[in-house]
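J.: Sharing a structure here in structure tokens format.
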Amino acid sequence: MEHSKLRAFMMKCNKCSRGWSVDQSDFEKPIITCQNPECNNQFTVYEGLKNGLKFFEDFIPIPFLANDMFNETIDVKIGYETYFNLPESIKKIYKIMIMPMGAFLVGAVDITKKGFRIFTSLPDGGDKSLIGENTKVFIMINAKTDDYNIPWMDMLQFALEQLINEDFLTSILFSEIAFEIYIDMALSEGYRKYGLDEDSISRFLVATELPTKVNPLMWNLYQIKLSKSTSWNNWEKKALKWRNEIAHGSKVGATEDEAKLVYETVVDSIFYFMEGIDKKMKQTNV
Ligand SMILES: [Zn+2]
């Protein structure tokens, strides 16, 4: 099966909207110049990644965390079902696009990482003589083929999926959970460096409220706090508030704007910390 390897994260220029996958060396560069020769826009790797995560309204968004793109033409028979086996290297499917090469309808069901069933049928008033005819469909699959597991990114991916599927309440919860996982991970890493044992770290994190984690605790470890960032108000007054209301049953519905705001606030907040921690690590050379 034909495929092309990508990196799981995408950078996007917010001026010309060109996107490309991020390279390890980009993290060493203080400033990135847009790959579009006519654009010349400059931004940091973190801004590029943030833009990549926020451009989810593109015509064909590239799902982040997918590091491989497969494409293939498959033989099908109109009106019949075809099972398509996926390569064993696939660990997770993020998106399947399937296009009929002719005047018929096509869809995929029972999708697992092993494969899926392809259905074909005729549109209303379609030419019935086509039933049983051999033809082709073209498929494109975004998948994960390398073994990487970054729980907060998986949660963010779920949040984005729910946002696109218009399940806004669930999207808000997943976005906030992604943020909480990221914060706990960053704090645990910091405490581990000071020699604190796993049991103490986990007890400490369970007993501590989130606003304390993102301000004084992050400040103690990395000299960075969320209350100094531009996303603070949206996070404290909206994202965190709504998350608590949903968890306690008092908020039972959400709008697209609310879910988008929480998703974007979480992306901004996580990258605010990532950039700050990265700076601190470079300074202290740890
Ligand atoms: Zn550009």
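J.: Compare the peptides 204-212, 268-276 by average per-residue count of other Cβ atoms within 10 angstrom and give them in order, highest first.
T.: Final packing ranking: 268-276, 204-212.
J.: Roughly speaking, to the nearest percent, how much of the chain's 1.4 Å accessible area is carbon and sulfur?
T.: 51 percent
J.: Same structure, new question: Given a Förster radius of 30 Å and the C-beta distance between L130 and I164 as r, what FRET efficiency does 1/(1 + (r/R0)^6) yield to the nearest 0.05?
T.: Given R0 = 30 Å and the Cβ-Cβ separation, E is 0.35.
J.: Over the heavy atoms of R192, what accessible area does a 1.4 Å probe trace out, to the nearest 10 Å²?
T.: For R192, solvent-accessible area is about 110 Å².
J.: In terms of modelled amide H atoms, which long-range or inter-chain residues lie less than 5 Å from the amide H of V76?
T.: T135, K136, V137
J.: Estimate the FRET efficiency between L105 and N41 by the formula 1/(1 + (r/R0)^6), using the beta-carbon distance for r and 30 Å for R0, to the nearest 0.05.
T.: It comes out at approximately 0.10.
J.: Can you give the relative contact order of the chain as a percent, counting alpha carbon pairs under 8 Å and 6+ residues apart?
T.: Normalised by residue count, the contact order of the chain is 16 percent.
J.: Taking just the alpha-carbon atoms of the chain, what radius of gyration and Dmax come out, in angstrom?
T.: When restricted to the Cα atoms of the chain, Rg and Dmax are 22.5, 74 Å.
J.: Hey, which of these cross-link pairs are over 26 Å Cα-Cα: K225/K282; K237/K279; K144/K280; K114/K260?
T.: On the way: K225/K282 18 Å; K237/K279 28 Å; K144/K280 32 Å; K114/K260 33 Å.
The pairs that break the limit, which is 26 Å between Cα atoms, are K237/K279; K144/K280; K114/K260.
J.: Taking H as built 1.01 Å from N, whose amide H comes closer than 5 Å to the amide H of K92, not counting residues under 5 places away?
T.: Amide H neighbours of K92, under 5 Å, 5+ apart: K144.
J.: Using the Karplus curve 6.51 cos²θ - 1.76 cosθ + 1.60 with θ = phi - 60°, work out ³J(HN,Hα) for each residue of segment 229-234 in order, rounded to whole Hz, and write x for Gly and Pro.
T.: So the Karplus estimates, Gly and Pro as x, are 8, 6, 8, 4, 4, 5 Hz.
J.: Per DSSP helix of 4 or more residues, -39500 (n - 2.57); summed, then divided by the residues of the chain. What does that give at 222 nm, rounded to the nearest 500?
T.: -11500 deg cm²/dmol
J.: Further question: In the chain, if the dipole is taken from +1 on Lys/Arg beta carbons and -1 on Asp/Glu beta carbons about the Cα centre, which of N41, T284, F174 is farthest to the positive end?
T.: Sorting the options by dipole projection puts first T284.
J.: Let me ask something else. To the nearest 0.05, how large is the calculated FRET efficiency for D199 and F27 if R₀ is 25 Å and r is the Cβ-Cβ distance?
T.: After rounding to 0.05, the efficiency reads 0.15.
The values are calculated or read from the model by the stated rules, or taken from the named source; none is laboratory data. The structure presented is a predicted model; accordingly, all values stated were derived computationally and were not measured. We place every Cβ from the backbone using ideal geometry, glycine too, and count neighbours over all the protein chains shown. Ligands, DNA and RNA are excluded from the accessible area calculation, which covers all protein heavy atoms including side chains. Shrake-Rupley method; radii C 1.70, N 1.55, O 1.52, S 1.80 Å.
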